[in-house]
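Every number in this text was worked out from the coordinates using simple rules, so none of it is lab data. Remember, predicted model here, so these are calculated numbers, not experimental data. Here the Cβ is made from the backbone with ideal geometry for all residues, glycine too, and neighbour counts use every protein chain on show.
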Amino acid sequence: MLGLAVKRLTQAVPVLLLVSVLSFLLLRAAPGNPAQLQAGLNASPTVVDAIARQLGLDKPLYVQYWIWLKNLFSGNLGVSYSTGEPVTSVLAPRVPVTAELGLISIVLTVIAGIPLGVWAALRKDGPVDQATRAGALAFVAVPNFVLALFLVLLFGWWAQGILPYQGYVPISQSLGGNLSHVMLPAICLAAGPIGIVSRFTRTSMLEVLGTEYVTAARALGVPWLRIVWMDALRNALLPVLTVLGLITGYVISGAVIVETIFGLPGLGALLVQSFSDRDYTVTIAIMMIGAIVFVIVNLLVDLLYGVADPRVRAQYLRRA
């Protein structure tokens, strides 16, 4: 398994470099001048040029990128154009908010999507299966910003006082208050992934339940629940693990909209604000954090795949 981890980490390096280059170039290509925004619309060209030199924006793009890359490897993410604070100080209070939101969303996806898929597979073509498939399709089809606005309207107007629909309470202040404020955004983020995971689990379970070893186990008198939840589900989860890794990207991108609508002070809301202010250093730092998290989660999925499938583990043991 160590060989698998090393191989995946090696492959991740060029991916992260490519993401950094594309992020850097796309931000510079977007309309708007950070120096002009800081100086004001009525500022003279002399003042704008002076601010541009102060921010290092007067240098060629490849020089700006090289300076940023060198500072990145030394742990220096730069200084925010908007506040003048170190980028690490700007990001520090917001990382836990987005991390908690993403983690709860993934947990909801797993504990809801997988059982729904198994349940639908066990009742193939019945009312439960049809209802599950229809619900999964609806969850996937509805954009998360539409669902977010609906939840805000529902709990802010029709069902007031049940769950808060705006704001955030840190865990250090109140665990109950924290969970209640994060629950609606987490449900909104998890709705689409739940539909995807349930569909994949259903399809995979149907394939596994039709194999010969399941038929033989039933003929030998092995309890049906043990076959389903201990044997069949383990093999059926192999393709689902891959989907869970890809869903991480969905959660990261969805957090941008969801945090903005629900008023959570996380990285997603900060990304929207920093891009609006053309705060390049903060924006690219958030984009790189998202890329690194995506790479790490997919690495963990690959390792879990090796744990669940002895063939993958044996393959790397032979190579070692």
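Between amide H atoms placed 1.01 Å from N, distances below 5 Å from residue 79 occur with 87, all of them 5 or more places distant or on a separate chain. Using the Cβ-Cβ distance between residue 246 and residue 172 with R0 set to 45 Å, the FRET efficiency works out to roughly 0.85. Our coupling estimate for segment 193-207, obtained by passing each phi through the Karplus curve with A = 6.51, B = -1.76, C = 1.60 and θ = phi - 60°, is x, 4, x, 5, 5, 5, 5, 5, 5, 4, 4, 5, 5, 4, 5 Hz, Gly and Pro reported as x. Our estimate of slack between residue 154 and residue 304, defined as 0.36 nm per intervening residue step minus the Cα-Cα distance, is 50.1 nm.
Selection among 282, 45, 110 by position relative to the dipole of the chain gives 110 as farthest towards the positive end (Cβ unit charges, Cα centre). For segment 241-309, the square roots a ≥ b ≥ c of the C-alpha gyration tensor eigenvalues yield an a/c of 1.5 or more together with a/b exceeding b/c, which makes the shape prolate. The phi-based Karplus calculation (6.51 cos²θ - 1.76 cosθ + 1.60; θ = phi - 60°) puts the 3J(HN,Hα) values of segment 72-82 at 4, 5, 9, x, 9, 8, x, 10, 5, 5, 7 Hz, whole numbers, x for Gly and Pro. Note on the chain: the alpha carbon radius of gyration divided by the globular reference 2.2 N^0.38 Å gives 1.21. In segment 154-245, inverting the average of 1/r over every pair of distinct C-alpha atoms gives 16.4 Å as the Kirkwood radius. Projecting label points 7 angstrom from Cα along Cα→Cβ for residue 41 and residue 22 puts them 3.4 nm apart. Compared with the dominant Cα axis of the chain, that is its longest principal axis, helix 2-29 is turned about 40°.
Please determine, in degrees from 0 to 90 and to the nearest 10, the orientation of helix 127-141 with respect to the longest principal axis defined by the Cα atoms of the chain, where the helix direction is its Cα long axis. Tilt relative to the chain: about 10 degrees. Calculated translational diffusion coefficient of segment 78-123 (25 °C, 0.890 mPa s; Stokes-Einstein with Kirkwood radius over alpha-carbon pairs) equals 183 µm²/s. Its Cα centre serving as origin, the chain has a Cβ charge dipole (Lys and Arg +1, Asp and Glu -1) of approximately 860 debye. Protection proxy ranking, highest mean first, for peptides 190-196, 15-21, 98-104, 267-273: 190-196, 267-273, 98-104, 15-21, where packing is the per-residue count of other beta-carbon atoms within 10 Å, averaged. For residue 6 and residue 59, the difference between the fully extended length at 0.36 nm per residue and the C-alpha to C-alpha distance is 15.4 nm. Put the Cα centre of segment 276-303 next to the Cα centre of segment 1-68 and the gap is 14 Å. As a proxy for reagent exposure, 70, 124 were ordered by neighbouring Cβ count within 10 angstrom, fewest first; the result is 70, 124. Protection proxy ranking, highest mean first, for peptides 251-257, 110-116: 251-257, 110-116, where packing is the per-residue count of other beta-carbon atoms within 10 Å, averaged. Putting +1 on Lys and Arg Cβ atoms and -1 on Asp and Glu Cβ atoms, find which of 101, 258, 35 reaches farthest to the positive end of the dipole of the chain. Going by the charge dipole, the pick is 101.
Couplings 3J(HN,Hα) of segment 151-160, computed from phi: 5, 4, 5, 5, 8, x, 10, 8, 10, 5 Hz, in residue order, whole Hz [Karplus 6.51 cos²θ - 1.76 cosθ + 1.60, θ = phi - 60°; x for Gly and Pro]. Label-to-label distance, residue 92 versus residue 146, with points set 7 angstrom from Cα along the beta-carbon direction: 4.2 nm. The local environment of residue 299, defined by Cβ-Cβ distances under 14 Å, has a net charge of +1 under the rule Lys, Arg +1 and Asp, Glu -1.
Legend: ranking of residues 13, 301, 258, 47 from fewest to most surrounding C-beta atoms inside 10 Å; resulting order 13, 47, 301, 258. With Cα atoms as the point set, segment 1-136 shows a radius of gyration and Dmax of 23.8, 73 Å. Placing a label point 7 Å from the Cα of residue 231 along the Cα-to-Cβ direction, the residues of segment 110-142 with a backbone N closer than 18 Å are 122.
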